[in-house]
1. Give the residue, chosen from A:PRO74, A:PRO56, that is touching a residue at least 60 places away in the same chain (Cβ under 8 Å), over 25 Å from A:ILE257 (Cβ atoms) and either outside the structural domain of A:PHE249 (by TED's automatic domain parsing) or of a type outside the set (Asp, Glu) (or both).
2. With the structure loaded, tell me whether B:ASP164 is touching a residue at least 40 places away in the same chain (Cβ under 8 Å), surrounded by fewer than 23 Cβ atoms within 10 Å (Cβ to Cβ), away from chain A (no Cβ under 13 Å) and touching a Ser or Thr at 6+ places or on another chain (Cβ under 8 Å) or whether it fails that test.
3. Report yes if A:LEU234 is outside any helix (DSSP H, G or I) and either of a type in the set (Lys, Arg) or in the same structural domain as A:GLU140 (by TED's automatic domain parsing) (or both), otherwise no.
4. Would you call B:SER157 out of contact with any helix residue (DSSP H, G or I) (no Cβ under 7 Å at 6 or more places or on another chain) and more than 18 Å from B:VAL190 (Cα to Cα)?
5. Which residue pairs have Cβ atoms closer than 8 Å, lie 6 or more positions apart in sequence or on different chains, and pair a first residue in the stretch A:118-147 that is under 14 Å from A:ILE24 (Cβ atoms) and in contact (Cβ under 8 Å) with a residue 60 or more places away in the chain with a second residue that is among the polar types (S, T, N, Q) and surrounded by 21 or more Cβ atoms within 10 Å (Cβ to Cβ)?
6. Is at least one residue of the stretch B:227-250 polar (S, T, N, Q), over 17 Å from the mean Cα position of the chain (by Cα) and at pLDDT 90 or above?
7. Checking B:SER50 against (1) within 12 Å of B:ASP211 (Cα to Cα); (2) within 14 Å of another protein chain (Cβ to nearest Cβ): exactly one of these is not met. Which one?
8. Test B:ARG23 against the stated conditions and say whether it is more than 10 Å from chain A (Cβ to nearest Cβ), surrounded by 16 or more Cβ atoms within 10 Å (Cβ to Cβ), in a strand (DSSP E or B) and not small (Gly, Ala, Ser).
Amino acid sequence: MLKIKAQLLNLRYIDELAAGNSVIHQLNPCAKLLVTMIFLIVVTSFPKQVLAGLIPLFVFPVTIASLADLPLAPLLRRVALALPFVIFIGIFNPVLDHSTAFTIGEVAVSNGWVSFFSILIRAVLAISAALLLVATTGMEGICAALQAGKVPKVLVVQLLFMYRYLYILLEEAGRTVQAYNLRAFEDTRIGYKAAGSLIGQLLMRTLERAQRIYAAMRSRGFDGNIPFRRCLALQVKDIIFVLFWSAFFLLARMVNIPQWLGALVLEGYR
Amino acid sequence: MSHHLVEVKNLAFAYPDHTNALRSISFRIVHGESVGIVGANGAGKSTLLSHLNGILTPTEGTVRIGDYPLTANMLPQIRRTVGMVFQDPDDQLFMPTVYDDVAFGPLNLGLSAEEADGRVTAALATVGALHLKDRPPYRLSGGQKRAVAIATVLAMSPDILVLDEPSAGLDPWARRKLIGLLLSFTHTKVIATHDLDLVLDVCERTIVLKDGKILADGPTLTIFNDTALLAAGQLEKPFSMQGCPVCSAKKNAPLS
């Protein structure tokens, strides 16, 4: 099987998880979107030298994943997929910043390394939260929640269609590459000359398809508004969900929980 | 009822690259008629269909749907009257689930969620796809996609059904079910297709297009029996009118 086709099946996997029926799946999409956004804001708002203070935030993805009964390995694999990009963002920090942050025994740890790992941890937190949102809510729920949250409809429509037609675009690309490989025999890498026309073809076909889809939408009365099934009214459990997690995130942001716990243990020891 | 009428007069259309896709086309389709539009590749079938609900506007000539001339400000009314089923169901199924897709048209018509729900259930039940309602479109087979695409249009309760290549890509069983479904509709139907056997089964009238012009317009059986006409239109007799190929091969085989 072509790599691109395997990726396609992979892509659908997360979406299919959203069909589950756990406590988390049943929550209102608006509540889940809100909590995820607050989480992301809190994660990014920490100063750049914070390491330990971020650790308690792992409670959120771990709790959601276990309550939603999601398989861990596939999710972790997807988090790992994004890490190389994150590493590139932070890799120069240790080179640029040599000032000592703290020492472990004889070894001095520089501020550069601390901020590098801080970036890494934040990325893992943010990516896992986003993946969990998709895996428990589905793209449709997220789009409905975004629309209910007054996000400009152009963006919502873009997101929805990108997600729907990504599959078809990838399938088309997969077929094209396969057709190329079948006639390329030994050298199945696509040379730059062929790549240009392959990508051009794909673009033309995408444009044509976009026109046909738009015609189909207009034929059924599309006037710029996607009529989602309404975001159901928030229930008590949704409000509790939002309040509980917001409070926890704020606590984790204000108080260095690991330090506080450490102090508590030391106090008891004395 | 006059709103089931389709009237096309001296229609001509040229694409922006100056391809003359249609030239002086005129016909009139009355209430309840089923009309097959046949012709070679590039004869102008799809272009003609695109004029019936205003996706394309004529370079010359007029299109009338029911009591309304097809003009820009009549489009919402016309699109409510004419239900268009596109050639590729993937172009038609753009929402995340089958249910949302079928509900798209009714909700755009301004129906309440409850009314729309009734329409969706009825339309999906008609095409036998009610059990698929929570599936995403990419999880459907070709035949299921086609059935759902038809349901998306039925849910808007159109008076006129326009179908572009409805049997393309279907297996024989799904195709036979589709024919049964089409026969059960009392709508005015306009079907563009290469599947002449489907036309023979469903349409009592046939229009043959060639190079953007009408080559013939008449009762399906008369047209399909005219071998010279069919050859001129780059068509051939439907298989069911060609007799048994095995027997005729025997008859024509050399005696030794």
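The values are calculated or read from the model by the stated rules, or taken from the named source; none is laboratory data. Since this is a predicted model, take the numbers as computed values, not measurements. Ideal geometry is used to build each Cβ from the backbone, glycine not excepted, and the neighbour counts take in all protein chains shown.
1. A:PRO74
2. No; evaluated as a whole, the condition is false for this residue.
3. When the stated conditions are applied, A:LEU234 passes them.
4. no
5. A:ALA129/A:THR36; A:LEU132/A:THR36; A:LEU133/A:THR36
6. Yes - at least one qualifying residue is present in the stretch B:227-250.
7. Going through (1) within 12 Å of B:ASP211 (Cα to Cα); (2) within 14 Å of another protein chain (Cβ to nearest Cβ) one by one, B:SER50 breaks only (1).
8. Judged against the criteria, B:ARG23 is a match.
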